[in-house]
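A.B. asks: I have a structure I would like to understand better, so I am pasting it below and will then ask my questions one at a time.
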Amino acid sequence: MKELSPRNPPKSILRVEAITRFLPGDLHDICDAAEDAIKAGGGFGWITAPDRSIQENYWKGVLVVPERILIVARIDDVICGSAQLVRPRANNEAQAFAVQLQHAFIAPWARGHGLARMLMEAAEALARNEGFDVITLDVRSTQERAIRLYDAMGYVRWGENPFYAQIDGTMIVGLYFYKDLRNNHDELLDVCAS
């Protein structure tokens, strides 16, 4: 048997999945991960992490909104990030071909494992499986790691909003991206739904 040491640590188990309910501990984990991401300057529209009860209600609400699909990233069964696919409303027939990716993040402590790419690949696979042709997203210009990932994954930057967000009195530019999923016929990921 191989002896474990600081030079030979055990491999972490990485997983990305769409969920429809929280397992024991999941709500706590996703709130912790989101809070860490918010403190590191990552989105949700929050500048500072709200009280835990507000966060819990937010995440519970995500699971009950029919237009939303919650995708989570895990390290050793601990949720460390997530993204949401938002389907167009039923009365929006003109945009029924497109889905929007929102609130994608990986907690700072979980970065460097490739989970952000796995999260994006899972979102794209789910979007294709649901019959969507295009995925759209927007991001603060300050989220440089996310922007590099979107560029590397073939997302097209089509515009910017100089008044996207205001943080500590400073206006932050927002960047807008899309990806045509019809032109990318990679093998679909097997995304498990819990």
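A.B. asks: Which residue is nearest to ALA116 (Cα to Cα), if the candidates are limited to region 76-91 and must be crowded, with 16+ Cβ neighbours inside 10 Å and of a type in the set (S, T, N, Q)?
C.D. replies: Here the residue is SER82.
A.B. asks: I want to confirm something. Restricting to region 29-61 and keeping residues that are surrounded by fewer than 18 Cβ atoms within 10 Å (Cβ to Cβ) and touching a strand residue (DSSP E or B) at 6+ places or on another chain (Cβ under 7 Å), which single residue is modelled with the lowest pLDDT?
C.D. replies: PHE44
A.B. asks: Going by the structure shown, is ILE172 touching a strand residue (DSSP E or B) at 6+ places or on another chain (Cβ under 7 Å) and part of a strand (DSSP E or B)?
C.D. replies: Values: touching a strand residue (DSSP E or B) at 6+ places or on another chain (Cβ under 7 Å): yes; part of a strand (DSSP E or B): yes.
Taking the combined requirement at face value, the residue satisfies it.
A.B. asks: Regarding VAL156, is this residue modelled with pLDDT of 95 or more, over 30 Å from PRO24 (Cβ atoms) and either of a type in the set (Ser, Thr, Tyr) or touching a strand residue (DSSP E or B) at 6+ places or on another chain (Cβ under 8 Å) (or both)?
C.D. replies: Spelling it out, VAL156 is indeed modelled with pLDDT of 95 or more, over 30 Å from PRO24 (Cβ atoms) and either of a type in the set (Ser, Thr, Tyr) or touching a strand residue (DSSP E or B) at 6+ places or on another chain (Cβ under 8 Å) (or both).
A.B. asks: Still on this structure, I have one more. Among the residues of region 10-28, are any touching an Asp or Glu at 6+ places or on another chain (Cβ under 8 Å), surrounded by fewer than 17 Cβ atoms within 10 Å (Cβ to Cβ), touching a residue at least 60 places away in the same chain (Cβ under 8 Å) and not in a strand (DSSP E or B)?
C.D. replies: Looking through region 10-28, at least one residue is touching an Asp or Glu at 6+ places or on another chain (Cβ under 8 Å), surrounded by fewer than 17 Cβ atoms within 10 Å (Cβ to Cβ), touching a residue at least 60 places away in the same chain (Cβ under 8 Å) and not in a strand (DSSP E or B).
A.B. asks: Counting only residues that are closer than 20 Å to LEU175 by Cβ and touching a helix residue (DSSP H, G or I) at 6+ places or on another chain (Cβ under 8 Å), give me the strands (runs of 3 or more DSSP E) lying completely in region 40-144 with at least 1 of them.
C.D. replies: 78-86, 98-106, 134-140
The values are calculated or read from the model by the stated rules, or taken from the named source; none is laboratory data. These figures come from a predicted structure and were not determined experimentally. Here the Cβ is made from the backbone with ideal geometry for all residues, glycine too, and neighbour counts use every protein chain on show.
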